[in-house]
Amino acid sequence: MRKPLENVPLAALSGAILLWLAQPPLAWGLVAWLALVPWGALIARRQDWRRRDGWIVWAAGAVYWLVSLEGIRYAHPALYPCWFALGGYLGVYPLLFVALARVIHHGWKLPLWLAMPIVWSGLELIRSYALTGFSAAMLGHSQVDYPRVVQIADLGGTPLVSFVVAMVNGLVVDVLWSFGGGRAESSSWSGGVRHFPLRGTIITALILGATVGYGWWRIRQADALAKQPPLLTVQLLQRDEPIEYAMTLEEDAAIFQRYAEGAIVAVQEVPETELVIWPESMFTGGLPYRTLSPGFEVPREIGMEAAEFAAAIEQQQAAFLGRCRLLQDHLVAASGRGASPELLVGCAVFRYGKRPQAFGGAIHIRPGAEVAQWYGKRHLVMFGEYLPMGEVFPWLYEIGPLRQGTTPGEQPLVMEAAGVGVMPSICFETVVEQVLGNHLRELRSQPVEVELLTNLTNDAWFAGSAILSHHRRCAQMVALINRRPLIVAANQGPTVWIDGSGRLCDTLAFKTNQALTARPTRDQRWSLYQVAGDKACLPFSALVLAAAIDGYRRKRKGSAAAQLR
């Protein structure tokens, strides 16, 4: 009779369910320490791996991802195919985990407490870069509620935390198999205790202890830093404003008006506010910021002369700045102080050069309606902000809800707001873990030092689903690995203040209309990630690729031998 964890469909589905329980929306983080055990049992079994077994594991993984990311479908009915495609693509990773860990375990004779964490962490790093990158829902993200466990991420990224969690899972499988009458290569679950993995138990315990000890040290540092005077006082605006791909100018203007009223109330309640941050695109209000580049060309469809077009853009800029000035006047009256707080606002930016370009922008506005700088989002979301091959085949934008592609920004920026070096990011730039770290390294030579990370996002597309929680957890780990406080202003959420250890200092409930007052303190601690990024995890990915090559070679060799028999 086949034992439960030797039943491929049952083991594959059990692993998917446990992994889902460990992540949002339930976020039972402790479950993660056992979530990979069913899939580990599939790695340990010695029976030949059939193609049907692979399809079963892929299907279970795809279902896990479809359920975890089901909020994608709320954005627009046209995104249902994208949701299914993403689930199918991400479902490949559990299949690769089982298949390649089997190569390392059975072929290279490494114990599961090594094989499983190597492959899992290596695949997570690959996933963070493949097809523009997707870092959400890593195994390590399940532990953000346990700050002492996740601090090691500043040595090489979230996959290092995943390594420790997967190592414990692998040890559990090794121990269970030791009760089955042999090493984990055995397929029997009956019998006495033999070949207990004592060495693996000791090494895993030491690594787990070192992880917690390192976390304890880092948290003590953070507690001391929290006693410093704040860098500045910030208002992070949030509202529950539903969003659609096609909105009228009147609807955009009404959203702007409600956010403006919220900003005035927030400054009235906290007069010492120095910076007010609006979420992504919420400041647009039907009046985006438009600018001309030297040597611009008038878009053919507009049908104006260059001078006439330049005058029209100048009028629109004047209207934009006039609106800023009016808002700042209200903020001055609300605060009772002589100057308005500075603004960092999410607003569409259109730039006209050799061709028109549209950016997802973050604009820094100083008192007196002075546009100091604007940042264009660099890491764009495929199908959400651009279509593959859309530049080559513009007609693709005419057959779907996305009517125009967004242009990626050229460079990161550090903005000096209220005397503090602030680095903006937009939307899912915090979901691809390496993006902000790369930006910080690019800005290292700038005269203004980055002291505060910000993220302006509009997650209303996802209708309060678990994607908002996944986004928040990604932001927590980004703050941690870069050892910088990070504040997020989000339409519908997650609006949050995070310290340089990834801890939530304050947060707003999703889909509420209010402002969060953040007073982040300086955190300039050094981390290996700041210098080397996620290179500490590169050996895991290299071993994954080596296992893939070796597995392919073994399969070819086995097929050739079968043909000779």
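Every read-out reported here was derived from the displayed coordinates using simple, explicitly stated rules and does not represent laboratory data. The model shown is predicted, which means the values in this text are computed figures rather than measured ones. Neighbour counts run over all protein chains shown; Cβ positions are idealised from the backbone, glycine included.
Data overview
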item: Rounded to 5, the percent of DSSP beta bridges in region 234-532 classed as antiparallel; result: 60 percent
item: Gained length - GLU272 relative to HIS195, 0.36 nm times residue gap less alpha-carbon distance; result: 21.1 nm
item: Computed E for ALA311/ALA509 - FRET, C-beta separation, R0 41 angstrom, nearest 0.05; result: 0.30
item: Pairwise FRET efficiency - ARG444 versus ILE549, Cβ, R0 = 41 Å, nearest 0.05; result: 0.65
item: DSSP-defined antiparallel bridges as percent of all bridges, the chain, nearest 5; result: 60 percent
item: Pairwise centroid distance, computed over Cα atoms, of region 323-367 with region 147-173, Å; result: 42 Å
item: Rounded to whole Hz, the Karplus (6.51, -1.76, 1.60) HN-Hα couplings of region 75-85, x for glycine and proline; result: 5, 5, x, 5, 8, 4, x, 5, 4, 5, 5
item: Kirkwood Rh (inverse of mean 1/r, distinct Cα pairs), the chain, angstrom; result: 25.3 Å
item: For region 503-508, 3J(HN,Hα) per residue [Karplus equation, 6.51 cos²θ - 1.76 cosθ + 1.60, θ = phi - 60°, Hz, x = Gly/Pro]; result: 8, 6, 7, 6, 7, 9
item: Pairs from LYS377/LYS535; LYS227/LYS377; LYS354/LYS511; LYS354/LYS535; LYS227/LYS511 whose Cα-Cα separation, in the structure shown, is over 29 Å; result: LYS227/LYS377; LYS354/LYS511; LYS354/LYS535; LYS227/LYS511
item: Diffusion constant of region 199-342 at 4 °C, which comes from Stokes-Einstein with the Kirkwood Cα-pair radius and 1.567 mPa s, µm²/s; result: 65 µm²/s
item: Tilt relative to the chain, helix 466-482 - C-alpha long axis, 0 to 90 degrees, to 10; result: 90 degrees
